[in-house]
Amino acid sequence: MTSPTPPRARTGQAPKPLDRAEFRERFLLDYQDPRFADEAGDALDRIEAIAWRNYDDNRKAPRTRKAGPGYADPDYALSVDWLEAKERIDAARARWADPASPSRVLLVCGSARNDGTCPGEISKSWRMLNMARDVLAAEHIEIDLLDLSRVTSDYGRHIHPCKGCVSTAMPLCHFPCSCYPNHAMRQTGDWMNEIYERWTAAHGVMIITPVYWYQSPSPLKLMIDRLVCADGGNPDPTSTHGKKSAEAKALELAGWGYPKHLEGRAYALAVHGDVAGIEMTRRGLSDWLDWMGFIDAGPAARLDRYIGYYESYAQSHEVLDRDAAMQAEIRGAAQALAVAVGELRAGTLSRPDAGVRRARPK
């Protein structure tokens, strides 16, 4: 039986490339500070000219090497950044699978607020994350704190947006993501290669986040979208020769396995707000983690709570100080996660649906 002919990729949405004058205007936007004025002549002109050449040549990954053994096309040149990230992820997976390795939990602060930038104050999520850390440390669990607010306060730190490759064909979505860096478009400094490694190394994950306008905060949502490649993504970009959509469509139609690269980890979750949106945000995050094959640590580890319902923003930390029940619930969620991680690693954590074959994998 022959595979169906893959449908053609639909085109016509992308804007036309910038012309030389438009490119220069945008490039110089980063150099409006008067302190750059002394260098506004030859030095910036030379750098801008190189940047234009990279843009005009679509120079995405300037550093490449052959993929080598183990890939569908070992002679295909892959980005060195991607290959190095893949090697670190593979090493992290080996540590995760080693029964002699220490248990490890990734604590994720979803808030965009910290005291190193405009708000001038730490987030309540950060405070609660440290409450959870104390509980896990007492259980002799290794802790990795991932503070997503650093995208608002660290120089040059980015989580670039997902480009939606999976919607063209799942095999076009590579794990780890190969969309970045893209030097031609100045899409560099992507934090996700490190974040993929940290998720892979974790036996359990706990996310603590506020609600922003009925949704997850921007840094958290950026990370979530970029983790789509961990659920069904293609670990071999040479099989699609980079971003060749026709090859990816053919692979999917021939039968794609949708590998779950992060399944089998435990999770806890705490969503807090002050007016509305906590239930839907918590459900959305729970459903996402369930879909990826994570195992919840029980109802006490899936929290949605208000801190100072309709009280002033200015006093929200003082309200948390007084909310002993909320603090106890955060510690309880961390305790439940510690138990779940221990049982998971011992092979005794109940997973009633573990043997159920997915009728519709995707």
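The values are calculated or read from the model by the stated rules, or taken from the named source; none is laboratory data. Owing to the predicted nature of the structure, the values given are computational and were not obtained by experimental measurement. Neighbour counts run over all protein chains shown; Cβ positions are idealised from the backbone, glycine included.
Summary table below
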read-out: Subset of region 316-330 (residues that are in contact (Cβ under 8 Å) with a residue 12 or more places away in the chain and farther than 15 Å from A270 by Cβ); value: S316, H317, V319
read-out: Subset of region 293-318 (residues that are assigned to a strand (DSSP E or B) and not basic (K, R)); value: I295, D296, L303, D304, Y306
read-out: Checklist (1) surrounded by fewer than 19 Cβ atoms within 10 Å (Cβ to Cβ); (2) assigned to a helix (DSSP H, G or I); (3) in contact (Cβ under 8 Å) with a residue 24 or more places away in the chain; (4) in contact with a strand residue (DSSP E or B) (Cβ under 8 Å, 6 or more places away or on another chain) applied to D290, failing item; value: (3)
read-out: Region 19-43, residues that are assigned to a helix (DSSP H, G or I) and modelled with pLDDT under 90; value: P34, R35, F36, A37, D38, E39, D42, A43
read-out: Out of G273, G255, G233, sole residue that is surrounded by fewer than 19 Cβ atoms within 10 Å (Cβ to Cβ) and either touching a strand residue (DSSP E or B) at 6+ places or on another chain (Cβ under 8 Å) or not aliphatic (A, V, I, L, M) (or both); value: G255
read-out: Selected residue (criterion: surrounded by the fewest Cβ atoms within 10 Å (Cβ to Cβ)) from residues of region 92-112 that are without any contact (Cβ under 8 Å) to a residue 60 or more places away in the chain and out of contact with any helix residue (DSSP H, G or I) (no Cβ under 7 Å at 6 or more places or on another chain); value: A100
read-out: Test: residue in region 280-287 that is surrounded by 15 or more Cβ atoms within 10 Å (Cβ to Cβ) and touching a helix residue (DSSP H, G or I) at 6+ places or on another chain (Cβ under 7 Å); value: no
read-out: Those residues of region 135-153 which are in a loop (DSSP other than H, G, I, E, B) and either loosely packed, with under 15 Cβ neighbours inside 10 Å or of a type in the set (F, W, Y) (or both), in sequence order; value: H140
read-out: One residue from A9, A21, A37 being more than 14 Å from M185 (Cα to Cα), of a type in the set (G, A, S) and touching a helix residue (DSSP H, G or I) at 6+ places or on another chain (Cβ under 6 Å); value: A9
read-out: Within region 181-198, considering residues that are in contact (Cβ under 8 Å) with a residue 40 or more places away in the chain and either among the polar types (S, T, N, Q) or surrounded by 23 or more Cβ atoms within 10 Å (Cβ to Cβ) (or both), the one nearest to D56 (Cα to Cα); value: N182
read-out: Scope region 161-201; condition of a type in the set (S, T, Y), closer than 15 Å to I89 by Cβ and part of a helix (DSSP H, G or I); matching residues; value: Y196, T200
